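Please read the structure below before turning to the comments.
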Amino acid sequence: MAFRIWALALLLLSACSAPSAASQPHAASQPHAVILLYHHVSEDTPASTSVTPAQFERHLDYLADNDYRVWPLQRVLDAVLKGSETVPEQVVALTFDDAYESVYTAARPRLAARGWPYAVFANTDAIDAGHSPYMSWDQLRALAEQGAAIGNHSAGHGHMARPRPDESEREWRRRVRDDIEKARSRIAEEIGRAPGLFAYPYGEDSPELGKVVAEEHEYGLAQRSGPLGPLIDPFSIPRFPMATGFASMERLELAVRSRPLPVSGTETRATQPADTDAIDRIELEVEPGGFRAGQLNCFAGSGRRLEAETDGDGPYRVTIDVEGVGGSGRNKINCTAPAADGSGDFYWFSWQWLVAGPG
């Protein structure tokens, strides 16, 4: 329900905004793709991280019926971020975090029937311990033999993006490096190939953690909405989470039809510099493109519309008021602007920041 309210507000606000001289004519679309993120595919697991098998089947039917191309994740990343090949319209990659058993029992046969590739990110301690409802190494090997990519999701699936309150920067770096390398080694031992792809536990990334991930991996994938474009940081890659409440067909269509808002720079401002978590403003530098800049709107993760000012003729300076937004843990904003070509598609950018909890 929260997403439906947010999506409706986004559509109404964009439709009602007056055209502006800052609106750009339609331009050739940048190379882009959409990465979808799933966890469980089951009726018996937490709704917040699950789609039912029936929902998943409907998602696959929609992609097939509307001529989407499902590419391997590595191919998508290389094509968009490295320019390894031309990217056609309507390219999607499918990913699954945590290596839950329902991916093997429910998702695997449905994807195999269509011959579609996908990636599974495994947190290895749970698999080594034989915990339910995770896959076994035998099941993961079977997926790999059938063409699935097995990526690194850390060993312990802990909070890694920043030091703990009692931890120095050096101790933090050693902890996360050891955890990441442990998982990478276990996957190499069991699957026969060391992973080059990493997905952050809980989707919590940070620039410093990205540097650690980059020591042994090509890409780092986060967990926030938004399409993949050539200006995206290769160690902060957005994926659209799909789960109950956020897995309707309307949400799926909105996600796969999105285009990357060309944000070339992000800065934060705070009125209390001593408190590094207390940010009041986010400033985006946005390159011109095929979107209506005068109709750009930004929203908090809750769906609340945020005050945002767009200045300039391109590149644009977008200043977003986030004072009082969010709380402890992950906080996100989504900024969107309608395409200028009248397609009904949206250019989209999402950004996340972390706030330390009490103590």
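The values are calculated or read from the model by the stated rules, or taken from the named source; none is laboratory data. The model shown is predicted, which means the values in this text are computed figures rather than measured ones. Methodologically, a virtual Cβ is constructed for each residue, glycine included, from the backbone with ideal geometry; neighbour enumeration extends over all protein chains shown.
Quick notes
- In the set (1) among the small types (G, A, S); (2) farther than 19 Å from I187 by Cβ; (3) in contact (Cβ under 8 Å) with a residue 12 or more places away in the chain, the condition left unmet by A113 is number (3).
- Any chance R269 is surrounded by fewer than 21 Cβ atoms within 10 Å (Cβ to Cβ), of a type in the set (K, R), outside the structural domain of F240 (by TED's automatic domain parsing) and over 25 Å from V34 (Cα atoms): yes
- Summed over segment 112-125, residues that are over 18 Å from P195 (Cα atoms) and touching a strand residue (DSSP E or B) at 6+ places or on another chain (Cβ under 7 Å) total 1.
- Residue count for segment 301-319, restricted to those that are within 22 Å of F240 (Cα to Cα) and in contact with a strand residue (DSSP E or B) (Cβ under 6 Å, 6 or more places away or on another chain): 3
- Flag if D280 is over 21 Å from the mean Cα position of the chain (by Cα) and within 30 Å of G83 (Cα to Cα): no
- For beta carbons closer than 9 Å, sequence separation of 6+ or different chains, a first residue in segment 329-346 that is under 15 Å from F240 (Cβ atoms) and modelled with pLDDT under 95 and a second that is assigned to a strand (DSSP E or B) and not hydroxyl-bearing (S, T, Y), the qualifying pairs are K332/A300; K332/W351; K332/Q352; K332/W353.
- Filtering segment 233-260 to residues that are closer than 19 Å to L81 by Cα, of a type outside the set (K, R) and in contact with a Ser or Thr (Cβ under 7 Å, 6 or more places away or on another chain) leaves P238, F240.
- Of all the residues in segment 205-234, those that are within 13 Å of W351 (Cα to Cα) and either part of a loop (DSSP other than H, G, I, E, B) or of a type in the set (D, E, K, R) (or both) number 10.
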